Amino acid sequence: MLVVMNAHATDEQVRAVCKRIEELGFRAHPIPGAQRTAIGITGNEGEIEPGTLDELPGVVEVIRVSKPYKLVSRDVKEDPTIVRFKNGASIGGEELAIVAGPCAIESRKQAFAIAEHLAHQGVRFFRGGAYKPRTSPYSFQGLGEEGLKIMADIRDQFCLLIVTEAVDNESLDLVDHYADVIQIGARNMQNFSLLKKAGRAKKPVLLKRGMSATLEEFLMAAEYVMSEGNYNVILCERGVRTFADHTRNTLDLSVVPAVHRLSHLPILVDPSHGTGVRSKVTPLSRASVAVGADGLIVEVHNEPDRALSDGKQSLYLEQFDELIGQVRQIAPVVQRRVAPAGTVAARLDPASTR
Ligand code: PEP
Ligand code: MN
């Protein structure tokens, strides 16, 4: 159920409706929109009797949301969600979010070399795995907390926001502490206890689509996070399993407009895991921006041939420069832009640091 408040409803009226909802044993989610505030009602104990909330001051109407996902839905919020960060960057607004970096943090030297290069290209978000979900237990598993500390230093040095994956409850607490965005990987998209914990975390959540998840399952996973009160969710298409074997996964770009139609949440595309092949990353980045993605997440390495994970899909630094140059040209066609390239010093003005 959804309570639509009058455009002029006061904060006090919104609070009073929320209080009534909670008294009835449900959870209230006030979601401010451009025109008016809507209050999503969740809880798994049935529904509130019709008429219970309609007469409260400031209420315009009470709507039954027929879709299984509620808070994620455009019914709750018509205008797109823009996730905003302290340094002025955002995800979901006019500026495309470019997230780039290695698959895994391997050493301080490797991570700093890559970050320095990216920071000069107009990248605002640095990605790097400290906890790696690997198919083989004998493959490099990540540096753990040491990797997180390296990335926190990268944030301070280059004014980059840190996006990194949490794989379990313990790593989620640490990622919430050190990073700026908590990534939930494809393999954990339906790890419901982890999703709920991410919903109680302070930082925004980047939720990757499971490798065989339908759109509805994907949105329901986001609903888990939002139902716990964390409304800063960013979706990410990263390819699904199909019969095709010319790529590691099949990048489902059609999901981007499909998500935008049903949900107010932003969606990024990951053409690195989506294809698994370096030569396909730039063409599919161009296509992702053209199809309306809110940004890209791309694996880049200073020495891809020596990478401890996903080297084959990691771009060389110069290849990334070409990619961002092309994306910069395509962006205006779809009313978007990419942050200007420039020196790190210029970006580090005192007003914009954390
Ligand atoms: C990653 O981004 O490093 C990763 C492991 O991605 P995914 O969960 O999409 O496989
Ligand atoms: Mn990877």
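The values are calculated or read from the model by the stated rules, or taken from the named source; none is laboratory data. The shown structure was predicted, so the numbers you read here are calculated from the model rather than taken from an experiment. Positions of Cβ are backbone-derived with ideal geometry, glycine not excepted, and every protein chain shown enters the neighbour counts.
Given the structure, is S263 touching an Asp or Glu at 6+ places or on another chain (Cβ under 7 Å) and modelled with pLDDT of 95 or more?
Taking the combined requirement at face value, the residue does not satisfy it.
Give all pairs with beta carbons closer than 6 Å in which a residue from the range 130-153 that is more than 12 Å from S309 (Cα to Cα) meets a residue that is basic (K, R) and not in a loop (DSSP other than H, G, I, E, B); count only pairs at least 6 apart in sequence or on separate chains.
Taking only residues 6 or more apart or on different chains, the pairs are I150/R108.
Taking the options R200, R278, name whichever one is over 23 Å from D75 (Cα atoms), within 16 Å of ligand 2 (Cβ to nearest atom) and surrounded by fewer than 24 Cβ atoms within 10 Å (Cβ to Cβ). Don't jump to the end; show me each part of the working.
Working: R200 fails: within 16 Å of ligand 2 (Cβ to nearest atom).
Answer to the selection: R278.
What are the residues in the range 102-115 that are among the aliphatic types (A, V, I, L, M) and outside any helix (DSSP H, G or I), if any?
A104, I105
I'm trying to understand the selection: among the residues of the range 298-319, which are more than 15 Å from ligand 2 (Cβ to nearest atom), within 18 Å of G274 (Cα to Cα) and either in contact (Cβ under 8 Å) with a residue 40 or more places away in the chain or part of a strand (DSSP E or B) (or both)?
Of everything in the range 298-319, just one residue is more than 15 Å from ligand 2 (Cβ to nearest atom), within 18 Å of G274 (Cα to Cα) and either in contact (Cβ under 8 Å) with a residue 40 or more places away in the chain or part of a strand (DSSP E or B) (or both), namely Q319.
Please determine, by comparing only the residues of the range 241-271 that are touching a residue at least 60 places away in the same chain (Cβ under 8 Å) and within 17 Å of R187 (Cα to Cα), which one is surrounded by the most Cβ atoms within 10 Å (Cβ to Cβ).
If we take residues in the range 241-271 being touching a residue at least 60 places away in the same chain (Cβ under 8 Å) and within 17 Å of R187 (Cα to Cα), then D270 is surrounded by the most Cβ atoms within 10 Å (Cβ to Cβ).
Can you spot a residue in the range 291-303 that is surrounded by fewer than 18 Cβ atoms within 10 Å (Cβ to Cβ), under 19 Å from H246 (Cα atoms) and either within 16 Å of ligand 1 (Cβ to nearest atom) or at pLDDT 95 or above (or both)?
The answer is no; no qualifying residue exists.
Here is a yes/no grid of residues against (1) of a type in the set (A, V, I, L, M, F, W, C); (2) within 16 Å of ligand 2 (Cβ to nearest atom):
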position	(1), (2)
K196	no, no
T214	no, no
H246	no, no
N249	no, yes
P257	no, no
L262	yes, no
S272	no, yes
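For the condition in contact with a helix residue (DSSP H, G or I) (Cβ under 7 Å, 6 or more places away or on another chain) and more than 16 Å from ligand 2 (Cβ to nearest atom), what is the one hit in H120, H177?
The unique qualifying residue is H120.
Identify the single condition in (1) in contact with a Gly (Cβ under 9 Å, 6 or more places away or on another chain); (2) more than 16 Å from ligand 2 (Cβ to nearest atom) that L323 does not satisfy, given that it satisfies every other one.
(1)
Checking M5 against (1) within 26 Å of I82 (Cβ to Cβ); (2) touching a Leu at 6+ places or on another chain (Cβ under 8 Å): exactly one of these is not met. Which one?
Only one criterion is unmet by M5, namely (2).
Report the residue count in the range 68-87 for those that are surrounded by 15 or more Cβ atoms within 10 Å (Cβ to Cβ) and either on the phi > 0 side of the Ramachandran plot or in a loop (DSSP other than H, G, I, E, B) (or both).
13
What number of residues in the range 182-194 are within 13 Å of the chain's Cα centre (by Cα) and more than 16 Å from ligand 2 (Cβ to nearest atom)?
The initial filter retains those residues of the range 182-194 that are within 13 Å of the chain's Cα centre (by Cα), namely 182-186, 189.
Next, only the ones that are more than 16 Å from ligand 2 (Cβ to nearest atom) stay: 182.
Of the residues in the range 182-194, 1 are within 13 Å of the chain's Cα centre (by Cα) and more than 16 Å from ligand 2 (Cβ to nearest atom).
Which of the residues spanning the range 94-111 are surrounded by fewer than 21 Cβ atoms within 10 Å (Cβ to Cβ) and free of Cβ contacts under 8 Å to residues at least 60 places away in the same chain?
If the condition is that a residue be surrounded by fewer than 21 Cβ atoms within 10 Å (Cβ to Cβ) and free of Cβ contacts under 8 Å to residues at least 60 places away in the same chain, then S107, R108, K109 are the ones that fit.
So for the range 251-258 (the condition being out of contact with any strand residue (DSSP E or B) (no Cβ under 6 Å at 6 or more places or on another chain) and within 16 Å of ligand 1 (Cβ to nearest atom)), does at least one residue qualify?
First pass over the range 251-258, keeping only residues out of contact with any strand residue (DSSP E or B) (no Cβ under 6 Å at 6 or more places or on another chain): 251, 253-254, 257-258.
When the remaining residues are screened for being within 16 Å of ligand 1 (Cβ to nearest atom), the result is 251, 253.
Yes, that holds for at least one residue.
Working only within the range 117-140, note down all residues that are in contact with a Ser or Thr (Cβ under 9 Å, 6 or more places away or on another chain), surrounded by fewer than 24 Cβ atoms within 10 Å (Cβ to Cβ) and of a type outside the set (G, A, S).
If the condition is that a residue be in contact with a Ser or Thr (Cβ under 9 Å, 6 or more places away or on another chain), surrounded by fewer than 24 Cβ atoms within 10 Å (Cβ to Cβ) and of a type outside the set (G, A, S), then H120, K132, R134, F140 are the ones that fit.
For D294, which of the numbered conditions (1) more than 16 Å from ligand 2 (Cβ to nearest atom); (2) out of contact with any Leu (no Cβ under 8 Å at 6 or more places or on another chain); (3) among the acidic types (D, E) fails to hold?
With respect to (1) more than 16 Å from ligand 2 (Cβ to nearest atom); (2) out of contact with any Leu (no Cβ under 8 Å at 6 or more places or on another chain); (3) among the acidic types (D, E), D294 is out only on (2).
Is it fair to say I114 is surrounded by 18 or more Cβ atoms within 10 Å (Cβ to Cβ), closer than 24 Å to E237 by Cβ and away from ligand 1 (no atom under 13 Å from the Cβ)?
Values: surrounded by 18 or more Cβ atoms within 10 Å (Cβ to Cβ): yes; closer than 24 Å to E237 by Cβ: yes; away from ligand 1 (no atom under 13 Å from the Cβ): yes.
Here the answer is yes, as I114 does meet what is asked.
Among the residues of the range 121-139, which ones are aromatic (F, W, Y), more than 10 Å from ligand 1 (Cβ to nearest atom) and under 17 Å from G101 (Cα atoms)? Outline the logic, then answer.
Initially, the range 121-139 is screened for residues aromatic (F, W, Y), giving 125-126, 131, 138.
Remaining after also requiring more than 10 Å from ligand 1 (Cβ to nearest atom): 125-126, 138.
Selection gives F125, F126.
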